[in-house]
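Asks: Input: one structure, supplied below.
Every number here is computed from the coordinates shown, using simple stated rules; none is lab data. In this text, all values refer to a predicted model and were calculated from it rather than measured experimentally. Counting neighbours? That spans all protein chains shown, and the Cβs are built from the backbone with ideal geometry, glycine included.
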Amino acid sequence: MTSPPPRLPVLPRRLGAAPPSWTETTDVCVIGSGIAGLTTALHLREAGLHVTVVTKVDIDDGSTRWAQGGIAAVLDPDDTPAAHAHDTELAGVGLCDPKAVSVMVTEGPDRLRELIHTGARFDRHPDGALMLTREGGHRARRIVHAGGDATGAEVQRALHAAVHRDPWIRVIDHALVLDLLTDADGRTCGVSLHVLGEGTEDGVGGVLARAVVLATGGMGQIFASTTNPAVSTGDGVAAALRAGAVVTDIEFVQFHPTALYLPHADRAGRDRQPLISEALRGEGAHLVDDAGDRFMTGVHELAELAPRDVVAKGATRVMRRTGASHVWLDARHLGREMLENRFPTIVAACRAAGVDPVTGLIPVAPAAHYASGGVRTDLSGRTSVPGLYACGEVACTGVHGANRLASNSLLEALVFARRIAADISAGLPKQTEPVIPATDAWTVPESAREPLQRAMSEGAGVLRSAASLEAAADTVTTLASGRAERSRTAAWEATNLVTIASALLAGAHARRETRGCHWREDFPDADPGWRGHLAVAVGPDGVLTREWERL
């Protein structure tokens, strides 16, 4: 079914780093401090387990706090889980796992109530009822927000406070996880990591644990323009691949159709592009071209509220046709009071860039936003590697299919965090000792990062074809041929980006159709024969493998 793979590099099975010079032991090690990681940690503590949370920078520096959209859950008496499932599966274009979707939409309302009990404060009407809104792809008002467009910041605040109150949750910040540690039977038994400020620049330590949960977020930094923060370098997926885990649907990267266009976005780097939430379109803002004409009417029944891949494609088509670097979002008719009270974060970001949405058009363009695929899990969050779990954007639960429905990501994290904690607490094995495999360990130079980002944006962004993907693969392979002279954070991150980019290119080149957020110019239609999943893994020799799984 799959086409011959493009030229791709041999990948390391371990990062080039010194063996751990210190270790500590815990029951469960959670990697990541966003909604997925902190919620998992809190549920594990409810079960009486000791937890160590490892976070790359500070506990609040991940993607969660940037979430402007809300959390989707069926709270309106006139809404139903079946309707939420229908919208989710429609956006996923035939690739959602119905069982996973059912779990999310039925368990989601209770998980949201638990988050409220934890201390998260969501927007309410004067009578105290939760304020429900619509976003793209939803046919009912089922989205809760906090602070208008600051939902992520409020969720992060509440979870951080709850974790801080529990002395049995140990937080190691400014720590980059390098590799998963496995025992003689291949079971995950901890992680190696580098803590900035601990010993030498390349000093490495280890956390031994009876189970490990990956909650490392996204991989948007493989592209030149992304809404993801600088820390989103795909570390969890890359570490899982090196440990032999299966990754699924990695070719489906959602490009948010309305990131604030800034001139420096054309330069590859580590910047995060401000997000112009589709909640603004949900309240009536319109997308227009340079002539001021709405271009989404007639394209989809929901116009600007169509699923994100449809809107991103619509904007990209306009940009290609006109040669423009962006399109425009017109929110002027919503009025000053609505904009400043309902969307304070967006208004502030626009004004900081010299744009006033009250009086002028907002320049917007698609940017890499969310990975619908990731490390494959079952309904309990278990990966193909024993003892290893994954939750949140790093995971592929089957909920999102070929395209994530708006505001399902935070809900998915809440639901599967609880399920992971329940599975772990049902029976943990004894702690075992890691065995360092006798495989080549190496790292690419940190200078590979920016040319990789440019190549991926040009060849594997919103527009893809066999030729563009092969060109990107050639660049990535050339970059991977270098070897870093020193092992340090920037080189480790660059190696993770090479690993993730290679896996994505393998999947995107194989899938010869257009489906969801995967758009092939040379195969512009969805093909029923491609209704299935591509499972990607790294073999013992470092060579990527692809396996087709038909639904």
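Asks: Which lysines, if any, have their Cα less than 19 Å from the Cα of LYS56, not counting same-chain residues under 8 positions apart?
Replies: Output for LYS56: empty list, no partners.
Asks: How much of the DSSP bridge set in the chain is antiparallel, in percent, rounded to the nearest 5?
Replies: Of those bridges, close to 65 percent are antiparallel.
Asks: Separate question: Evaluate the Kirkwood expression for the hydrodynamic radius of segment 121-255, namely the inverse of the mean inverse distance over all pairs of different C-alpha atoms, and round to one decimal in Å.
Replies: 18.5 Å
Asks: If amide hydrogens are placed 1.01 Å from N in the peptide plane, which non-local residues have theirs closer than 5 Å to the one on ARG464?
Replies: TRP519, GLU521
Asks: Right, here's the next one. Remind me, what semi-axes does segment 259-367 give for its equivalent ellipsoid, largest first in whole Å, using sqrt of 5 times each Cα gyration tensor eigenvalue?
Replies: 20, 19, 12
Asks: If each of ASP58 and ASP76 carries a label point 7 Å out from its Cα toward its Cβ, how far apart are those two points in nm?
Replies: 3.8 nm
Asks: For CYS391, CYS350, what ranking results if the residue with the fewest other Cβ atoms within 10 Å of its Cβ goes first?
Replies: CYS350, CYS391
Asks: Over all alpha-carbon pairs in the chain, figure out the percentage whose distance exceeds 36 Å.
Replies: Value for the chain: 28 percent of Cα pairs lie more than 36 Å apart.
Asks: Oh, and also: How far apart, in nm, are two points set 7 Å out from the Cα along the Cα-to-Cβ line at LEU90 and at HIS164?
Replies: Result: 4.2 nm between the two label points.
Asks: Okay, moving on. Could you give the dipole magnitude of the chain about its Cα centre, charging the beta-carbon of Lys and Arg +1 and that of Asp and Glu -1, in debye to the nearest 20?
Replies: So the dipole magnitude of the chain works out to roughly 200 debye.
Asks: Something else now. On full extension of the chain, what length is gained from SER481 through THR322, given 0.36 nm per residue of separation minus the C-alpha to C-alpha distance?
Replies: The span from SER481 to THR322 would gain 53.4 nm if fully extended.
Asks: Fewest Cβ neighbours within 10 Å first, please rank ASP97, ASP123, ASP166, ASP525 accordingly.
Replies: By the 10 Å Cβ count, ascending, the order reads ASP525, ASP166, ASP123, ASP97.
Asks: Next question, about the same structure. Provide the per-residue ³J(HN,Hα) series for segment 492-508, in order, calculated from phi with Karplus coefficients 6.51, -1.76, 1.60 and θ = phi - 60°, each as a whole number of Hz, with x at glycine and proline positions.
Replies: Ordered by residue, 3J(HN,Hα) equals 4, 4, 4, 5, 4, 5, 4, 5, 5, 4, 5, 5, 5, 5, 4, x, 5 Hz.
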